[in-house]
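Q: One structure coming up, written as structure tokens, with questions to follow.
The values are calculated or read from the model by the stated rules, or taken from the named source; none is laboratory data. A quick note: this is a predicted structure, and the numbers were derived from the prediction, not measured. Note that each Cβ is placed from the backbone with ideal geometry, even for glycine, and that neighbours are counted across all protein chains shown.
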Amino acid sequence: MNSERVLVTFDTAYSLNQYNDGALIEFQKGKLLNGYFDKLLVVNIASNINKKLSARGVIGKCKLVNFIDSNDSIEYLDVPFGRFNFLKKFQKVNFFCSLISTLLTIINLGKKNNYLFVRGEDPHLNGFLALVVAKYFKVPSLIGVWGNPDEIRKDTGLPLFPRLFKFKKIEIIFEKFVLKMANRVLVQNENNKNFVVNVINSDKKIRFFRVSVQLEDIHYSDPTYREKPKNFFNEFDLQSEKKMLCIARLEEEKRVLDTIKVLSILINQKLIKVDLFICGVGEQEESLKRFAREEGILKYIHFCGLRSQTWLSTAIPMMDLYVTPISGRALVEVALGGLAVVTYDRDWQSEIIEHDVTGYICKFKDIKAFADLAFSALQNKEKSIEMGAALRNYALQEFSKERALIIEQACYEEL
């Protein structure tokens, strides 16, 4: 058996193409913990789930590939949606066959590699598959809870994964089983921890893993001294001097539509003209554009897609405001960039944003209050700069990479 220390992670957050665009390499590379692990195997069992069945790579065997610029330290198992062509019309059966085939591939790879730990980055299918592999190799399992499933289900009225779980009750039972069986449950904030405690009635196996180790070092640089090219926004047809930023996956639970509604209030009620930059991709993009077109504000919105971390680290200090209904890792990147924030009191955001001190925060779904606070922040530049500076100071303390490395390594060591 290979003596390299290998961490396996089941993670469906992003597709291989999105990683290869170069914007998200550190998102996985950080899990190596500066050499604590020699190799990371990323398994994405839903990489092709939204592609048409006729698309290349959607049906067939899973394929092991290397990340770009990862020096072979990260391997990615790209899993087709279905395993067999003759089962094209039976998508769920074909998906199940693909999962079985993938598990057999992982087991065969594990016989040649030294799997030390197995992570599932959600307490659902990823978590269940992580439990299966960990059990087979008799190694510890770690399940990540990087949000609050109860809050999201209450908001949308649907299961988090409606293609897998038809009913919320079934998803909740499955979730509870996975969390109870895990050796450790990983959370990034108190809100997520409270959710887990309510599910398993204990906090003994919960550990905090901040997003720090998954952030590019460039975000920690002083925004005052970051390059600010005069032609940086030349690719955009700007409508005003003011600029707002939103970084999010364009999915319903991220409520990017609320950000566009805020812009509509600012523009259509003639409060202030401002351009909105939306960085992210997802299934809602076309519906968001359609809404903006109906509101007559599409020309004020710039859908930027996925951008590199270098682009983001340059753009953040050049913006006037970050408007985010719900934000995860990006909120820390923005905080380190010293940019003023307006957000909802939702998930963990009140843990990092203190109202009128490090940003503005309002009641969930109160779009009128959100717009009023955004207007105030845009009008009072001096106050916004002051809040942005306070937020950066807070982020530098709370999201120290050095401290996060020590904490995460200690978690693995105790297992």
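Q: Just one of the numbered conditions (1) in contact with a Phe, Trp or Tyr (Cβ under 9 Å, 6 or more places away or on another chain); (2) over 19 Å from Ile278 (Cβ atoms); (3) at pLDDT 95 or above is not true of Phe364; which one?
A: Of (1) in contact with a Phe, Trp or Tyr (Cβ under 9 Å, 6 or more places away or on another chain); (2) over 19 Å from Ile278 (Cβ atoms); (3) at pLDDT 95 or above, only one is false for Phe364: (3).
Q: Name the residue, out of Leu160, Leu116, that is in the same structural domain as Ile100 (by TED's automatic domain parsing), under 19 Å from Tyr14 (Cβ atoms) and not acidic (Asp, Glu).
A: Step by step, each of Leu160, Leu116 is checked, and only Leu160 is in the same structural domain as Ile100 (by TED's automatic domain parsing), under 19 Å from Tyr14 (Cβ atoms) and not acidic (Asp, Glu).
Q: Still on this structure: Please find, within the range 204-223, the residue that is surrounded by the fewest Cβ atoms within 10 Å (Cβ to Cβ) out of those that are under 22 Å from Ala390 (Cβ atoms) and hydrophobic (A, V, I, L, M, F, W, C).
A: Ile218
Q: For a quick check of your reading of the model, give me the residue pairs whose first member lies in the range 14-26 and is hydroxyl-bearing (Ser, Thr, Tyr), whose second is modelled with pLDDT under 70 and surrounded by 20 or more Cβ atoms within 10 Å (Cβ to Cβ), with beta-carbon atoms closer than 6 Å and at least 6 apart or on different chains.
A: Filtered contacts from the range 14-26: Ser15/Ser47.
Q: Oh, and also: Got at least one residue in the range 253-264 being over 20 Å from the mean Cα position of the chain (by Cα), over 15 Å from Ile326 (Cβ atoms) and at pLDDT 95 or above?
A: yes
Q: Based on what the data block shows, is Glu333 assigned to a helix (DSSP H, G or I), buried (at least 22 other Cβ atoms within 10 Å of the Cβ) and in contact (Cβ under 8 Å) with a residue 24 or more places away in the chain? Before the answer, list the steps.
A: Values: assigned to a helix (DSSP H, G or I): yes; buried (at least 22 other Cβ atoms within 10 Å of the Cβ): yes; in contact (Cβ under 8 Å) with a residue 24 or more places away in the chain: yes.
Yes.
Q: Inside the range 366-393, can you point out the residues that are farther than 15 Å from Pro317 by Cα and among the acidic types (Asp, Glu)?
A: Asp366, Asp372 - these are the residues of the range 366-393 that are farther than 15 Å from Pro317 by Cα and among the acidic types (Asp, Glu).
Q: Let me ask something else about it. Filter the range 337-372 for residues that are in contact with a Pro (Cβ under 8 Å, 6 or more places away or on another chain) and under 18 Å from Leu215 (Cα atoms) and give the result.
A: Gly337, Gly338, Leu339
Q: Can you tell me how many residues in the range 27-82 are among the hydroxyl-bearing types (Ser, Thr, Tyr) and at pLDDT below 85?
A: Within the range 27-82, residues that are among the hydroxyl-bearing types (Ser, Thr, Tyr) and at pLDDT below 85 number 3.
Q: With the condition being touching a residue at least 24 places away in the same chain (Cβ under 8 Å) and touching an Asp or Glu at 6+ places or on another chain (Cβ under 9 Å), I'd like the helices (runs of 4 or more DSSP H) fully within the range 88-180 carrying at least 2 qualifying residues.
A: Output list reads 125-137, 149-156.
Q: Here's another thing I want to ask about it. Assess whether Ala182 counts as being crowded, with 21+ Cβ neighbours inside 10 Å, of a type outside the set (D, E, K, R), under 30 Å from Arg5 (Cα atoms) and in contact with a Phe, Trp or Tyr (Cβ under 9 Å, 6 or more places away or on another chain).
A: No; evaluated as a whole, the condition is false for this residue.
Q: Quick one: which of Ala248, Ala330 is of a type in the set (A, V, I, L, M, F, W, C), at pLDDT below 95 and out of contact with any Lys or Arg (no Cβ under 9 Å at 6 or more places or on another chain)?
A: Numbers: Ala248 fails: out of contact with any Lys or Arg (no Cβ under 9 Å at 6 or more places or on another chain).
Just a single option satisfies the conditions, and that option is Ala330.
Q: What are the pairs, 6+ residues apart or on separate chains, where a residue within the range 384-407 that is free of Cβ contacts under 8 Å to residues at least 60 places away in the same chain has its Cβ under 6 Å from a residue that is part of a helix (DSSP H, G or I)?
A: Leu391/Ala335
Q: Would you confirm, using the coordinates I've provided, whether Asp347 is closer than 30 Å to Phe195 by Cβ and surrounded by 14 or more Cβ atoms within 10 Å (Cβ to Cβ)?
A: Judged against the criteria, Asp347 is a match.
Q: Being part of a loop (DSSP other than H, G, I, E, B) and either acidic (Asp, Glu) or over 16 Å from Gly305 (Cα atoms) (or both) is the filter here, so list the residues in the range 233-248 that pass it.
A: Asn234, Glu235, Asp237, Leu238, Gln239, Ser240, Glu241, Lys242
Q: Another one. Considering the range 266-276 alone, what residues qualify as being surrounded by fewer than 20 Cβ atoms within 10 Å (Cβ to Cβ) and touching a residue at least 12 places away in the same chain (Cβ under 8 Å)? Even if it seems obvious, please write down each step before you answer.
A: In the first step, residues of the range 266-276 are kept if they are surrounded by fewer than 20 Cβ atoms within 10 Å (Cβ to Cβ); the result is 268-273.
Within the range 266-276, Asn268, Leu271, Ile272, Lys273 meet the criteria.
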